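Data block below; observations after.
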Amino acid sequence: MKKLCGIDEAGRGPLAGPMVIAAVVLKKQITQLDDSKKLTQKKREELFEEIIKNSIYHIVFKSAKEIDEKGISACIKSSILEIMNNIKAEEYLMDGNTSFGILNLQHKIKADATIKEVSAASILAKVSRDKYMCEIAPKFPNYDFEKHKGYGTKAHVEKIKEFGRCSEHRVSFKLKSLNEDNIGIQKSLF
């Protein structure tokens, strides 16, 4: 069997915080792996520890500033190239519908739910990102990052309306509710 490196990201769409790209080569089988979105927070955190102990892994953070400056696709592509430089495998498989123009990178929609290595990467990315958002929450108490993790919930959008954006917000993600839809790189999200 070929050595497979599974790759997935968390945080492509939030209004604040980093995007996290993780890669995993399993050294032993781990049961109960699944798409991180289908697992409870408690289960993700338990599996996170097990994955760390039983895999070769690499986790890349791309800040809101980098996302604003370079765009989502460029950030994902550079993260995957960094992963390929740090983890040697015979095959690399990314969850999703594109290989970002990278040779030797395969992609598969819903791989995070069907391929154990990609499920493990999905869990590492999600738990790492959620943990980061909870750690920075006290520095930005007006935004309740620990509750919504930077995603565009109604409560989060209301906080942006009230307090403006902080340094963790992606300024290229424009909000229709703030009449920002005619400016910037990204299309309006909410």
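The values are calculated or read from the model by the stated rules, or taken from the named source; none is laboratory data. Small disclaimer: the values here were computed from a predicted structure and weren't measured. Using ideal geometry, Cβ is built from the backbone for each residue, glycine included, and neighbour counts are taken over all protein chains shown. In case anyone asks, the SASA skips ligands and DNA or RNA and just uses the protein heavy atoms, side chains included. Shrake-Rupley method; radii C 1.70, N 1.55, O 1.52, S 1.80 Å.
Please find, within the range 152-165, the residue that is most open to solvent (accessible area, probe 1.4 Å) out of those that are part of a helix (DSSP H, G or I) and not charged (D, E, K, R).
Looking at the filtered set, the residue picked out is F163.
Within the range 21-41, track down each residue that is in a loop (DSSP other than H, G, I, E, B), in contact (Cβ under 8 Å) with a residue 40 or more places away in the chain and either of a type in the set (V, I, T) or open to solvent by 90 Å² or more (accessible area, probe 1.4 Å) (or both). If the condition is that a residue be in a loop (DSSP other than H, G, I, E, B), in contact (Cβ under 8 Å) with a residue 40 or more places away in the chain and either of a type in the set (V, I, T) or open to solvent by 90 Å² or more (accessible area, probe 1.4 Å) (or both), then Q29, I30 are the ones that fit.
Per-residue answers, yes or no, for (1) over 16 Å from the mean Cα position of the chain (by Cα); (2) modelled with pLDDT under 95; (3) in a helix (DSSP H, G or I):
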{"position": "A121", "(1), (2), (3)": "no, no, yes"}
{"position": "R129", "(1), (2), (3)": "no, no, yes"}
{"position": "A137", "(1), (2), (3)": "yes, no, yes"}
{"position": "S167", "(1), (2), (3)": "yes, no, no"}
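Candidates are the residues of the range 1-20 that are within 28 Å of N104 (Cα to Cα) and small (G, A, S); the one that is surrounded by the fewest Cβ atoms within 10 Å (Cβ to Cβ) is G13. Counting only residues that are open to solvent by less than 30 Å² (accessible area, probe 1.4 Å) and among the hydroxyl-bearing types (S, T, Y), the range 47-76 holds 1 of them. Within the range 141-154, can you find the residues that are without any contact (Cβ under 8 Å) to a residue 12 or more places away in the chain and under 15 Å from K176 (Cα atoms)? Matches in the range 141-154: T153, K154.
Pairs linking a residue in the range 86-101 that is in contact (Cβ under 8 Å) with a residue 40 or more places away in the chain and within 16 Å of A120 (Cα to Cα) to a residue that is of a type in the set (S, T, Y) and surrounded by 12 or more Cβ atoms within 10 Å (Cβ to Cβ), with Cβ atoms under 8 Å and 6 or more positions apart or on different chains, are I87/Y57; D95/S122.
Evaluating E91 against the criteria (1) over 20 Å from I56 (Cα atoms); (2) surrounded by fewer than 16 Cβ atoms within 10 Å (Cβ to Cβ) leaves one unmet condition, (1).
Considering (1) surrounded by fewer than 18 Cβ atoms within 10 Å (Cβ to Cβ); (2) under 23 Å from I136 (Cα atoms), the lone condition that R44 does not fulfil carries the number (1).
Residue by residue through the range 102-112, note down the ones that are farther than 13 Å from I7 by Cβ and at pLDDT 95 or above. Before the answer, list the steps.
At the first step, the residues of the range 102-112 found to be farther than 13 Å from I7 by Cβ are 103, 109-110.
Across the range 102-112, the qualifying residues are I109, K110.
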